[in-house]
């Protein structure tokens, strides 16, 4: 018998798998993973990556199905504001002086994973 917590556990499992697949995908593309799950107050950034003089804040959205929409469509205004807040703190704390960008990585599970990066998707 399923409990109300089974859905939450499944969602966490999907999220962790999606983040790992996204990190592997980005490393293969030549990005350095600077930090995972950076937290500031109630905000979290899934991945902070770097290449050359670019620091990129990444929101990973993973879904086991697209029945209710594409993964990237689930990044709402509240999440964007929280990302900005955490990114601003990270930039200040590390005295970052290079370029910055906010990307979304979409991970579709359920069979062979399909991973897409949406560069500069949050602005």
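The values are calculated or read from the model by the stated rules, or taken from the named source; none is laboratory data. Quantities reported herein were computed from a predicted structural model and do not represent experimental measurements. All Cβ positions, glycine included, derive from the backbone under ideal geometry; neighbour counts span all protein chains shown.
Where the second residue is surrounded by fewer than 17 Cβ atoms within 10 Å (Cβ to Cβ) and in a helix (DSSP H, G or I) and the first is free of Cβ contacts under 8 Å to residues at least 24 places away in the same chain and lies in the range 10-33, which pairs have Cβ atoms under 9 Å and are six or more apart or on separate chains?
Final answer for the pair search is 33/27.
Given 100, 117, which one is closer than 14 Å to residue 23 by Cα and either touching a residue at least 12 places away in the same chain (Cβ under 8 Å) or loosely packed, with under 14 Cβ neighbours inside 10 Å (or both)? Quick ask: steps written out before the conclusion?
On the way: 100 fails: closer than 14 Å to residue 23 by Cα.
None of the other options fit; the residue is 117.
In this structure, is residue 44 crowded, with 18+ Cβ neighbours inside 10 Å, at negative phi and in contact (Cβ under 8 Å) with a residue 40 or more places away in the chain? First the steps, then the outcome.
Working: crowded, with 18+ Cβ neighbours inside 10 Å: no; at negative phi: yes; in contact (Cβ under 8 Å) with a residue 40 or more places away in the chain: yes.
Criteria not met by residue 44.
Scanning for something in contact with a strand residue (DSSP E or B) (Cβ under 7 Å, 6 or more places away or on another chain), modelled with pLDDT under 95, surrounded by 13 or more Cβ atoms within 10 Å (Cβ to Cβ) and more than 16 Å from residue 119 (Cα to Cα), does the range 7-16 turn up at least one residue?
Checked against the condition, which is being in contact with a strand residue (DSSP E or B) (Cβ under 7 Å, 6 or more places away or on another chain), modelled with pLDDT under 95, surrounded by 13 or more Cβ atoms within 10 Å (Cβ to Cβ) and more than 16 Å from residue 119 (Cα to Cα), the range 7-16 yields at least one hit.
Provide a single number: the residues in the range 70-123 that are closer than 14 Å to residue 50 by Cα and assigned to a strand (DSSP E or B).
Looking only at that region, the number is 5.
Of all residues in the range 41-69 being outside any strand (DSSP E or B) and at pLDDT 90 or above, which is nearest to the chain's Cα centre (by Cα)?
So the residue we want is 42.
Can you tell me which residue among 93, 87 is modelled with pLDDT of 95 or more, within 13 Å of the chain's Cα centre (by Cα) and under 14 Å from residue 39 (Cα atoms)? Before you say what the answer is, go through the steps one by one.
Details: 93 fails: within 13 Å of the chain's Cα centre (by Cα).
On inspection, the qualifying residue turns out to be 87.
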